[in-house]
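Engineer: Next up is a structure, given as C-alpha cells.
The values are calculated or read from the model by the stated rules, or taken from the named source; none is laboratory data. Please read these numbers as outputs of a predicted model, since none were measured by experiment. Note that each Cβ is placed from the backbone with ideal geometry, even for glycine, and that neighbours are counted across all protein chains shown. Accessible surface areas use protein heavy atoms only, side chains included; no ligands, DNA or RNA. Shrake-Rupley method; radii C 1.70, N 1.55, O 1.52, S 1.80 Å.
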Amino acid sequence: LGFGADFVIGIGGGSPIDASKAIALMMKNSDKTWEWLFEDGRSDALPLAAIPTTCGTGSEVTGVAVLTRHDLKTKVSMKHKVFPDIALSDGKYIISAPKRIIINTAIDALSHLIESGVNTLADTFSDMTVFAGLKEWAKCRQYIEGTADIDESAADILMNASSLAGMSIAQTGTTIPHALSYMLTYEAKIPHGAAVGAFQSNYLKYADTERKNAILSVLGFKDTDELGHFISALAPVTAERELLERSAVSVLKNHAKLSLCPYPVDEIIM
C-alpha cells in the first residue's frame, strides 16, 4: 500500500497464487495481524489477477488459500474466501515446465476431481465440472506418463483439466487425501501432488460402487489398484510409518474434512 498499489497479480503454481490471495486480503485490511487470516471476518480484498504456470492447483478459480503454518507444522486453509477477479489460463505457460512439475501438478488436479466426485457435497452441478475435467485429464495420460511429448494443444487440455478441477473443489472442497497429505509435505518435504496422490486409489476404493466405476471408466482404469499403480509409478512416495500415523490421528480430529467423505472413516490398527 505504501507504493500506491491498488491490485495484486499472482503468478506461479498454487503456493504463489494462494499467497497472493492472502496478500490481497491483508493489504485491504492492513489493521489486522496475520492470525486474522485464520479467523472469521470480512473477506474483502484488493482486486486479484491469477496467472497459473502449473496444471494442478486450480487456485485461479477457487476462493481457497492453503498457507503454511510453521507454528502448527502443517498447512491450513485461511478462513476467508478470495476469488481472483480474472484468471489468465493458457497452456503456453507450462510448455517449458520441468517434467516433474507437470507430473506432480497433474496428479494434484486428478486428486481434486476424485475428491470432488466422491464427496457428500457432490451434486448435479459439481458433477458437470468433475466429469468434464476427468475427460480432459484422461486425454493427457500419454503426456503425463511421458510416452508422448507435450505440445501446445496438450498443454491447453491439461490447463483446462486443472481449471475444471479447481471449479469442482470450489463447490465441494477437498476431503481425506488432502488432509492426510499436509504433514507429509511439511515434514517430509514430499511435493503436494505426490503426497495427495498417494491416497487417491484407496480413497476411491471404498466409494459407492456406481460412482467409483463411473470415475474409473472415464479415466480408463479397470480398477483402483491399476489407478494406484499408475500414480505410484509416476510419483512414488516414501514416508516413515510414524509420520503417517500422526497424520492419520490429526485427520480423525478434522471434522470438517471427515464430514465431506461420504462413507464412515475410523481408526484401524494394522
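Engineer: So, with a 1.4 angstrom probe, what is the percent of accessible area on the stretch 197-245 that is carbon and sulfur?
Structural biologist: 47 percent
Engineer: Hey, what did the chain get for relative contact order, percent, Cα under 8 Å, at least 6 apart?
Structural biologist: Averaging sequence separation for qualifying contacts and normalising by length gives 18 percent for the chain.
Engineer: For the chain, modelled as a GNM with alpha-carbon contacts under 10 angstrom, which of A50, A87, A233 fluctuates the most?
Structural biologist: Result for the chain, Cα springs under 10 Å: A233 fluctuates most.
Engineer: Also, quick follow-up: Compare N160, N213, N119 in a GNM of the chain, Cα atoms joined below 10 Å, and give the one with the largest fluctuation.
Structural biologist: Taking springs between Cα atoms under 10 Å, the residue moving most is N213.
Engineer: Can you work out the FRET efficiency for the pair L121 and D71, with r the C-beta to C-beta distance and R0 = 45 Å, to the nearest 0.05?
Structural biologist: That pair, L121 with D71, gives E of 0.90.
Engineer: Specify whether the C-alpha gyration tensor of the stretch 1-152 places it in the rounded, prolate or oblate class, a ≥ b ≥ c being the square roots of the eigenvalues: rounded for a/c under 1.5, otherwise prolate if a/b is larger than b/c and oblate if not.
Structural biologist: Prolate.
Engineer: For D18, what accessible surface area do you get with a 1.4 Å probe? Give it in Å², rounded to 10.
Structural biologist: The value for D18 is about 20 Å².
Engineer: Please report the accessible area of D151 (heavy atoms, 1.4 Å probe, ligands and nucleic acids excluded) in Å², nearest 10.
Structural biologist: 70 Å²
Engineer: Further question on the same structure: Which far-off residues, 5 or more places away or on another chain, put their amide H under 5 Å from the one on R69, with H placed in the peptide plane?
Structural biologist: For R69, the qualifying residues are T74, K75, V76.
Engineer: What ranking, highest mean first, results for peptides 60-72, 191-203 when packing means the other Cβ atoms within 10 Å averaged over each residue?
Structural biologist: Highest to lowest by the protection proxy: 191-203, 60-72.
Engineer: Summarise the accessible area of the stretch 56-138 (1.4 Å probe, protein heavy atoms) by the percent that is carbon and sulfur.
Structural biologist: C and S fraction of accessible area: 60 percent.
Engineer: Once you wrap a convex hull around the alpha carbon atoms of the chain, what is its projected area averaged over all directions, in nm²?
Structural biologist: 14.4 nm²
Engineer: Quick one: ranking E210, E187 by accessible area, 1.4 Å probe, largest first, what do you get?
Structural biologist: Solvent-accessible surface, decreasing: E210, E187.
Engineer: On a full-extension model of 0.36 nm per residue, what is the gain between D40 and S232, subtracting their alpha-carbon distance, rounded to one decimal in nm?
Structural biologist: Here the segment from D40 to S232 would lengthen by 65.3 nm.
Engineer: Using the 2.2 N^0.38 Å rule of thumb for compact globular proteins, work out how the stretch 90-158 stacks up: its C-alpha Rg over that value, please.
Structural biologist: Dividing the Cα radius of gyration by 2.2 N^0.38 Å gives 1.17.
Engineer: A further question follows. So what is the accessible area of the chain per residue, in Å², with the probe set to 1.4 Å?
Structural biologist: 48 Å²
Engineer: If you don't mind, another one. Give the separation of the Cα centroids, the stretch 138-152 to the stretch 215-270, in Å.
Structural biologist: Result: 25 Å between the Cα centres.
Engineer: Under a point-charge model restricted to the Cβ atoms of Lys and Arg (+1) and Asp and Glu (-1), what is the dipole moment magnitude of the stretch 112-270 relative to its Cα centre, in debye to the nearest 20?
Structural biologist: 240 debye
Engineer: Separate question: Give, rounded to the nearest 20 debye, the magnitude of the charge dipole that the stretch 132-184 has about its Cα centre when Lys and Arg contribute +1 at Cβ and Asp and Glu contribute -1 at Cβ.
Structural biologist: The dipole of the stretch 132-184 has a size of about 300 debye.
Engineer: Of A65, I51, S89, which is farthest along the charge dipole of the chain in the positive direction, counting Lys and Arg as +1 and Asp and Glu as -1 at C-beta?
Structural biologist: A65
Engineer: From the phi angles alone, apply the Karplus equation (6.51, -1.76, 1.60; θ = phi - 60°) to the stretch 13-18 and give each ³J(HN,Hα) in whole Hz, x where the residue is Gly or Pro.
Structural biologist: Running phi through 6.51 cos²θ - 1.76 cosθ + 1.60 with θ = phi - 60° gives x, x, 5, x, 6, 4 Hz.
Engineer: Sort E145, E267 by accessible area with a 1.4 Å probe, largest first.
Structural biologist: These residues rank, largest area first, as E267, E145.
Engineer: Still on this model: Suppose a student asked you for the relative contact order of the stretch 15-55, using Cα pairs under 8 Å spaced at least 6 residues apart; what percent would you report?
Structural biologist: After rounding, I find 51 percent.
Engineer: Using the alpha-carbon centroid of each, what span in Å lies between the stretch 26-59 and the stretch 95-132?
Structural biologist: 22 Å
Engineer: When only the heavy atoms of the protein chains count and the probe is 1.4 Å, how do W34, W137 rank by accessible area, highest first?
Structural biologist: The most accessible residue leads, giving W34, W137.
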